[in-house]
Amino acid sequence: MTGRTGHGRARRAATAVVIAAGTVLATPGTVLAAVGGLPPKQPLVADLKTGGAACVSGEDRPYVMNVPQVTARLYGPGGGQSGEVGRVRGEFEAWWQGEGGAEERVTLTTAMKGDTAPFSWQLPSTVPDGTVVSWRVRAANDDGASAWSSEGAGAPCEFVYDRTLPDAPAVTSADYPDDDVWRPGVGVRGTFHVTAQAEDVVSYAYSFIGGPQKTVEAGPDGSAEIRFLPERTGRQTLSVQAQDRAGNRGPRTDHTFLIGAGPAPVAQWKLADAAGSRSAAAETGTPARAGKGVTFGAPAPSGTPLTSTASLDGSGHGFLTPGAPVVVDTAKDFAVGGWVRPERVDGARTVLSQDAGTARAFTLGLTQAGSGPAWSFSVGGAKVTGGLPETGGWAHVLGQYDAETGTARLYVNGRAVGEETAAVPVAGEGDFQIGRARGARGYRDRWQGEIGDVRAYDRIVVPDELTALATRAARQLGHWALDTAPDGLAPETGGGAPLKLGAGASVFRLDEPCDPLDLECSQDWPLEGDGHLRLDGVSGHAATDAPVVDTTGSFTVSARVRLADDDPAAPMTAISQGGEHGDAFKVRFDPENSSWDLVMSHADEPGAPETVLSRIEWPDGGMGAGHRVTVVHDASAKQVSFYLDGVKYAEGGTADFDAAWKSTGGLQLGRGRTADGWGEQLRGVVDSVYAYAGVLSETEIQQLP
């Protein structure tokens with residue numbers, strides 16, 4: 001007889017009962033030979049299950065949080081041989097040691113049925129909590145009963161029904177205590193220690209605000225550690241529940257802590273020093289000595305806080321070094337990066353590295369991969385490559401080693417490129433280098449081009465920081481309010497190139513108030529400001545004399561448009577910029593699909609392939625405020641996006657696009673290039689046109705009028 005478990009939980013006496021079960025029929029259509037005159041075969045332990053788990057006893061017995069259903073496969077006299085069936089009853093028996101030490105037993109006999117069907121018993125709710133329960137089964141027919149499954153070579157099945165919840169765990173952290181103190185935390189991993197307050201805890205379920213629920217196994221002493229990498233500042237809470245062997249989860253413990261901004265770089269050089277300087281001032285860390293091949297005062301990437309950079313000539317004198325390491329322990333988290341503009345992309349070119357004897361602990365730069373150059377980051381013997389360096393093109397590059405995962409990552413313009421790669425770091429106690437890397441015969445792989453805002457971190461640089469480091473603010477190239485057009489020229493508000501109105505185009509101004517409920521008034525009400533551009537759909541258009549945006553670079557173009565018809569007969573282009581044969585981009589309404597389309601042509605050639613993004617929308621019919629259409633071309637990501645009224649579809653709102661070409665024509669309103677020349681004339685109104693060099697963020701796009 002088995003006894004009670006020793007953890008002292010409450011017991012509840014049970015009354016022996018006999019429960020009848022319903023009949024389960026054999027599979028319809030099955031024809032089997034009946035076997036009679038003999039008793040059934042003994043059930044096999046391997047054919048018994050406790051709540052879906054295998055039949056076991058002793059220390060391997062399962063703990064269950066609900067009273068289980070037990071299941072058996074029983075055999076008639078034929079022993080389950082193919083083509084033979086016997087009709088049998090299942091006789092189940094379960095027992096345990098009661099409160100007073102006396103054995104308590106319950107039984108069930110099923111209805112007679114074919115031995116091809118499973119036999120099961122939902123044990124009664126009188127099964128006590130915290131006690132070892134044993135059960136067995138035998139098969140019976142009119143000629144006798146088999147041996148019990150526990151007899152001979154068999155054994156009883158056992159389980160423990162455990163409905164007692166474990167107590168709430170204790171959570172502590174030296175890195176992020178539960179207090180009201182803000183700690184520099186973004187990018188710095190912390191450890192949380194979880195301690196059990198019950199003996200049978202096997203794991204912990206936990207989650208952080210905004211994150212998924214996860215589990216961690218408890219150690220032999222019932223404790224566990226949870227690691228966390230903060231990615232944002234603010235108040236954060238770790239919620240933990242203890243889970244016991246039966247799967248019961250106890251009450252939650254909440255550990256709330258405050259995350260401040262991440263620690264500053266351990267070293268930073270803007271490299272914006274005065275021309276003629278022989279060293280670079282450090283924002284943090286040690287000033288860097290500059291070789292004679294370094295010239296300060298070189299151009300900086302537009303749209304960044306940098307005012308100038310350093311130009312390295314690629315010679316043996318083109319380098320900077322602080323004369324000491326900046327990544328003190330290369331076996332821990334670190335990241336290095338900066339703005340770069342290569343003058344040459346052949347061979348191997350080093351942006352940043354750190355000496356390790358006659359080699360280097362890590363190297364960030366460019367290399368040759370396949371048929372051309374690629375950005376690269378090496379840690380020890382591992383290398384990540386990706387992205388396309390372009391001669392004369394600015395890029396922000398950053399390499400990062402994650403000691404927690406043991407992997408290296410490479411980021412170009414804030415986006416991960418290449419594959420995350422397992423890396424084994426080597427000790428690098430030598431000097432940090434800008435523009436060169438250590439080799440067996442001295443320094444090599446020298447950089448030729450500009451470098452600016454070099455930073456080194458002893459932590460993880462998180463996604464929002466990566467984006468911020470690589471962001472180039474968009475620069476407004478033009479805003480045409482289209483409120484006036486003296487002498488047929490709609491001025492650009494900043495004094496830039498005007499839009500010249502063609503025949504069939506005019507600027508409408510609502511100089512006198514009118515009744516908004518009047519149909520004519522509502523049709524002519526300006527979309528924005530005091531007026532708008534009217535286009536007749538025949539020859540009406542407005543255009544600049546020269547291109548406004550560089551269509552090979554990043555740009556954003558936006559306009560508000562309202563169609564005059566509720567059932568246009570042909571496609572109509574609202575805004576475009578192209579060349580001799582086609583448009584580098586255009587936004588048009590397609591009546592066949594009732595959609596606004598962004599069309600990106602792959603070449604200035606007749607019949608060139610096109611990339612199209614569409615948004616289904618009913619035509620305006622001359623009523624309402626129309627729609628704001630916005631085109632975004634991100635040259636660094638080689639992507640194009642289309643927004644309608646500030647909204648981009650999660651699917652189909654962005655497409656890869658690597659076929660940008662430089663348009664030579666002016667910005668066009670109300671027409672686009674077709675196979676027959678100018679066409680797709682728009683009948684309706686256009687208002688408030690914006691053009692930017694660079695990529696506006698989604699928030700900035702939503703803030704456009």
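The values are calculated or read from the model by the stated rules, or taken from the named source; none is laboratory data. Everything quoted here is computed from the prediction, not taken from an experiment. For neighbour counting, all protein chains shown are included, and Cβ atoms are generated from backbone atoms with ideal geometry for every residue, glycine included. SASA here: full protein model, heavy atoms, side chains in, ligands and nucleic acids out. Shrake-Rupley method; radii C 1.70, N 1.55, O 1.52, S 1.80 Å.
Please state which one of Glu343, Glu390 is out of contact with any Leu (no Cβ under 7 Å at 6 or more places or on another chain), modelled with pLDDT under 95, surrounded by fewer than 21 Cβ atoms within 10 Å (Cβ to Cβ) and charged (D, E, K, R).
Numbers: Glu343 fails: modelled with pLDDT under 95.
Just one listed residue meets the conditions, Glu390.
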query: strands (runs of 3 or more DSSP E) wholly in region 49-109 with at least 1 residues that are hydroxyl-bearing (Ser, Thr, Tyr) and in contact with a strand residue (DSSP E or B) (Cβ under 9 Å, 6 or more places away or on another chain) - which ones?
result: 69-72, 103-109
message: If a residue must be at pLDDT below 95, surrounded by 16 or more Cβ atoms within 10 Å (Cβ to Cβ) and either within 16 Å of Asp550 (Cα to Cα) or not basic (Lys, Arg) (or both), how many such residues does region 596-616 contain?
response: 1
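Being at positive phi and open to solvent by less than 90 Å² (accessible area, probe 1.4 Å) is the requirement here; does Gly187 meet it?
Numbers: at positive phi: yes; open to solvent by less than 90 Å² (accessible area, probe 1.4 Å): yes.
Yes; evaluated as a whole, the condition is true for this residue.
Only one of Val412, Val424, Val454, Val461 is out of contact with any Asp or Glu (no Cβ under 6 Å at 6 or more places or on another chain), open to solvent by 40 Å² or more (accessible area, probe 1.4 Å) and either closer than 26 Å to Asp355 by Cα or charged (D, E, K, R) (or both); which? Spell out how you get there, then give the answer.
Values: Val412 fails: open to solvent by 40 Å² or more (accessible area, probe 1.4 Å); Val454 fails: open to solvent by 40 Å² or more (accessible area, probe 1.4 Å); Val461 fails: open to solvent by 40 Å² or more (accessible area, probe 1.4 Å).
Of the residues listed, the single one that is out of contact with any Asp or Glu (no Cβ under 6 Å at 6 or more places or on another chain), open to solvent by 40 Å² or more (accessible area, probe 1.4 Å) and either closer than 26 Å to Asp355 by Cα or charged (D, E, K, R) (or both) is Val424.
If I go through region 255-279 residue by residue, how many of them are without any contact (Cβ under 8 Å) to a residue 60 or more places away in the chain and assigned to a strand (DSSP E or B)? Walk me through how you get there before you give the answer.
From region 255-279, those without any contact (Cβ under 8 Å) to a residue 60 or more places away in the chain are 264, 273-279; that's our starting set.
Then drop every residue that is not assigned to a strand (DSSP E or B), which leaves 279.
Summing the residues that are without any contact (Cβ under 8 Å) to a residue 60 or more places away in the chain and assigned to a strand (DSSP E or B) in region 255-279 gives 1.
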- request: From the list Ala280, Ala272, pick out the single residue that is open to solvent by 10 Å² or more (accessible area, probe 1.4 Å), among the small types (Gly, Ala, Ser) and either within 30 Å of Val328 (Cα to Cα) or modelled with pLDDT under 95 (or both).
  value: Ala272
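Regarding region 386-405, can at least one residue be identified that is acidic (Asp, Glu) and farther than 26 Å from Thr309 by Cβ? Lay out the reasoning, then the answer.
Going through region 386-405, the residues acidic (Asp, Glu) turn out to be 390, 402, 404.
Those still in the list that are farther than 26 Å from Thr309 by Cβ too: 402, 404.
Yes, that holds for at least one residue.
Can you find even one residue in region 655-668 that is assigned to a strand (DSSP E or B), within 23 Å of Glu492 (Cβ to Cβ) and over 34 Å from the mean Cα position of the chain (by Cα)? Spell out how you get there, then give the answer.
Of all residues in region 655-668, those assigned to a strand (DSSP E or B) come to 655-656, 667-668.
Applying the additional criterion that residues be within 23 Å of Glu492 (Cβ to Cβ) yields 667-668.
Within this subset, residues satisfying the condition of being over 34 Å from the mean Cα position of the chain (by Cα) are 667-668.
Yes, the conditions are met somewhere in region 655-668.
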query: Since Arg235 meets every condition but one in (1) out of contact with any Asp or Glu (no Cβ under 8 Å at 6 or more places or on another chain); (2) at pLDDT 95 or above; (3) more than 30 Å from Ala468 (Cβ to Cβ); (4) open to solvent by 70 Å² or more (accessible area, probe 1.4 Å), which condition does it not meet?
result: (3)
query: Can you spot a residue in region 313-320 that is in a strand (DSSP E or B), open to solvent by 50 Å² or more (accessible area, probe 1.4 Å) and either over 13 Å from Glu450 (Cβ atoms) or free of Cβ contacts under 8 Å to residues at least 12 places away in the same chain (or both)?
result: no
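Out of Asp329, Asp355, report the one residue that is of a type in the set (Asp, Glu), outside any strand (DSSP E or B) and either open to solvent by 10 Å² or more (accessible area, probe 1.4 Å) or under 21 Å from Leu410 (Cβ atoms) (or both). Reasoning before the result, please.
Details: Asp355 fails: outside any strand (DSSP E or B).
Only one candidate qualifies: Asp329.
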task: Please work out which residue is modelled with the highest pLDDT, limiting yourself to region 635-668 and to residues that are open to solvent by 80 Å² or more (accessible area, probe 1.4 Å) and under 27 Å from Val685 (Cα atoms).
output: Thr664
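Take Asp620 and tell me if it is in contact (Cβ under 8 Å) with a residue 40 or more places away in the chain, open to solvent by less than 60 Å² (accessible area, probe 1.4 Å), under 24 Å from Gly387 (Cβ atoms) and not polar (S, T, N, Q). Let's see the steps before the verdict.
Values: in contact (Cβ under 8 Å) with a residue 40 or more places away in the chain: yes; open to solvent by less than 60 Å² (accessible area, probe 1.4 Å): yes; under 24 Å from Gly387 (Cβ atoms): no; not polar (S, T, N, Q): yes.
No; evaluated as a whole, the condition is false for this residue.
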